[in-house]
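Take a look at the structure below.
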Protein chains: 2
Amino acid sequence: MKEKNVPEVVAKRLPRYYRYLDDLLKKNVYRISSGELSKKMGVTASQIRQDFNFFGGFGQQGYGYNVELLRNEIASILGIDKSVSTILIGAGYLGHALANHANFEKRGFQLIGIFDIDKDTIGTKIHGIEVYDNDRLKDFIKENKPEIAILTVPKKVANDIAKQLIDYGIKGIWNFSYAEIELDSDVPIENVHLSDSLMTLSYKIK
Amino acid sequence: MKEKNVPEVVAKRLPRYYRYLDDLLKKNVYRISSGELSKKMGVTASQIRQDFNFFGGFGQQGYGYNVELLRNEIASILGIDKSVSTILIGAGYLGHALANHANFEKRGFQLIGIFDIDKDTIGTKIHGIEVYDNDRLKDFIKENKPEIAILTVPKKVANDIAKQLIDYGIKGIWNFSYAEIELDSDVPIENVHLSDSLMTLSYKIK
C-alpha cells in the first residue's frame, strides 16, 4: 500500500466509504462501478477515483470495484482490521450510551475499561465492562496499553484529563466534552460536535 | 439574502463556520480576514469566499469580516436565529444525554417534549421536560407543531416511528438510531454516524 500524504477531507470520507461498502456486502452486492458508488454516495466518480489514488488506486476501471476487497483495503487503511484497544472516561448518560453501542465492536474497537469519579458508579459494570476509579488511569494505561480514549467528561475538566491521558501514553482522543482541548501535543484529538448536523437539518427544513 | 441552490457540502460547512465565529465572539474577536478564518478552519480562503457567495457574499474584501454580523447572517441562513421547536423520541441513555445537552438550547433548539414506551419513564422529567407515552405523539404534534424530531429509538422500530412522525407533520428528523430510514418522502433526515469520526481517529493514530 502506497499511502501518500492524505488530506484531512479524504481521511474524513474513508469511514463513509467503509460504511457504505460494508452495507453493500450485507445486501450481498459484490461488485459496484465507480459510477454507481458515486451516485449512491453523492460524491463525483472522479472524486472517488482521486480519493482511492491516495492509497494506490484499487484499479479495475471499466470492470467495477470488488466490494469485499475494497472494504477490506479501506478497513486496513483505517486501521480497524485489527482490534483497537479503547477506554472510556466519564460514565454519565453519554458514556453509557457509547459503551452500549454495539457498532464500535463491529468496527474493531474493543472497550477494555471505563473510568469515573463517582463512588456509586465505580465497581459496577456497563455492557459487561468494569467501571474503575479515575485514580487508576495511570496504572491501567501502563499495564493494558489502550490506544484510544473516549472522553465524555464535563467540559471544565476535559483539558486536564486529556493532558493526563496523553502523558500516560494514550495515542488518540475521541472528545465528546464540547471543550476545545488545547494541548501542546501531536496526539490527534477528534472533537465531536453533535449540534453541527442538527444545524444542517435546521437549514434543510427551511 | 439571495440564497442559490446550495450544495450539500456547503450546507454541511455552515455549522462549522457558525460555531467558529461564535467562539471568536466569546473571545472578543470582532473582525477577521478570510485568510485568518481560512487558516484556523483548515479551508482555503477561496473556498470560504466561494461558500459565502452562495448567500450573497457578506462582502468587505480587504477589510476582513465583521464577526458578529457574519455569525448572525449564518445563524439566519441556518434558521437558528429563531427558536426551533423540537421533540425527542426514545428516553434511553442517549436520549437522556441529548436532552441534557445545553448546547442545543444555546443554538436555538427548544426541546418541548420527550416520548418513550417505558411505563416507568413516562411521567418523569428529564432536564425539566416531561416524558410522554409514544401514544400521545399524534395529538402532541398536532397541538404543538414541533418542527424537528430527534430519534434515539432502537434500530428495529426506527423506520416505523419515522414514518409516523412524518405522517403527523414533523418537518425534519435527526436520526441517531443507526438504521437507514427508507421512506418515500421529501422530509430531510440527518443520519448521525458516530463511529465515522472514531474511524478517522483510528486512521490518524496509525
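Restricting attention to region A:189-202, does a residue exist that is among the acidic types (D, E) and under 18 Å from the mean Cα position of the chain (by Cα)? Quick ask: steps written out before the conclusion?
The first filter runs over region A:189-202 and keeps only residues among the acidic types (D, E), leaving A:190, A:196.
The next check asks that each one be under 18 Å from the mean Cα position of the chain (by Cα); those that pass are A:190, A:196.
Yes, because at least one residue in region A:189-202 is among the acidic types (D, E) and under 18 Å from the mean Cα position of the chain (by Cα).
Looking at B:G62, B:G42 in this structure, which one is closer than 25 Å to A:P7 by Cα and either at pLDDT below 85 or of a type in the set (A, V, I, L, M) (or both)? Working first, answer last.
On the way: B:G62 fails: closer than 25 Å to A:P7 by Cα.
Every option except B:G42 fails the conditions.
At pLDDT 90 or above and surrounded by fewer than 12 Cβ atoms within 10 Å (Cβ to Cβ): which single residue out of B:N28, B:N5 fits that description?
When all the criteria are applied, what remains is B:N28.
What pairs come out if I take residues in region B:95-106 that are within 7 Å of another protein chain (Cβ to nearest Cβ) and pair them with residues that are open to solvent by 50 Å² or more (accessible area, probe 1.4 Å) and outside any helix (DSSP H, G or I) whose C-beta lies under 7 Å away, six or more apart or interchain?
Taking only residues 6 or more apart or on different chains, the pairs are B:N100/B:H127; B:N103/A:Y178.
I need the full set of residues from region B:104-128 which are outside any loop (DSSP other than H, G, I, E, B) and in contact with a strand residue (DSSP E or B) (Cβ under 9 Å, 6 or more places away or on another chain), in order please. Write out each step before concluding.
Just the residues of region B:104-128 that are outside any loop (DSSP other than H, G, I, E, B), to begin with: B:104-106, B:109-116, B:125-126.
Across region B:104-128, the qualifying residues are B:F104, B:E105, B:F109, B:Q110, B:L111, B:I112, B:G113, B:I114, B:F115, B:D116, B:K125, B:I126.
Limited to region A:153-206, what total is found for residues that are more than 7 Å from chain B (Cβ to nearest Cβ) and among the hydroxyl-bearing types (S, T, Y)?
Residues flagged as more than 7 Å from chain B (Cβ to nearest Cβ) and among the hydroxyl-bearing types (S, T, Y) within region A:153-206 amount to 3.
Scan region A:80-97 residue by residue and report those that are open to solvent by 10 Å² or more (accessible area, probe 1.4 Å) and either under 25 Å from A:E8 (Cα atoms) or in a strand (DSSP E or B) (or both).
Hits for region A:80-97 are A:I80, A:D81, A:K82, A:S83, A:S85.
Matching residues to (1) charged (D, E, K, R); (2) within 23 Å of A:V192 (Cα to Cα):
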residue	(1), (2)
B:N103	no, yes
B:I112	no, no
B:H127	no, yes
B:E143	yes, no
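Within region A:116-156, can you find the residues that are more than 20 Å from B:N100 (Cβ to Cβ) and open to solvent by 80 Å² or more (accessible area, probe 1.4 Å)?
Matches in region A:116-156: A:K119, A:K125, A:H127, A:D135, A:R136, A:K138, A:D139, A:K142, A:E143, A:K145.
The values are calculated or read from the model by the stated rules, or taken from the named source; none is laboratory data. Here the structure is a predicted model, which means the values were calculated and not measured. A quick note on method: Cβ atoms are made from the backbone with ideal geometry, for glycine too, and the neighbour counts reach across all protein chains shown. We work out accessible area using only protein heavy atoms, side chains counted, and drop any ligands, DNA or RNA first. Shrake-Rupley method; radii C 1.70, N 1.55, O 1.52, S 1.80 Å.
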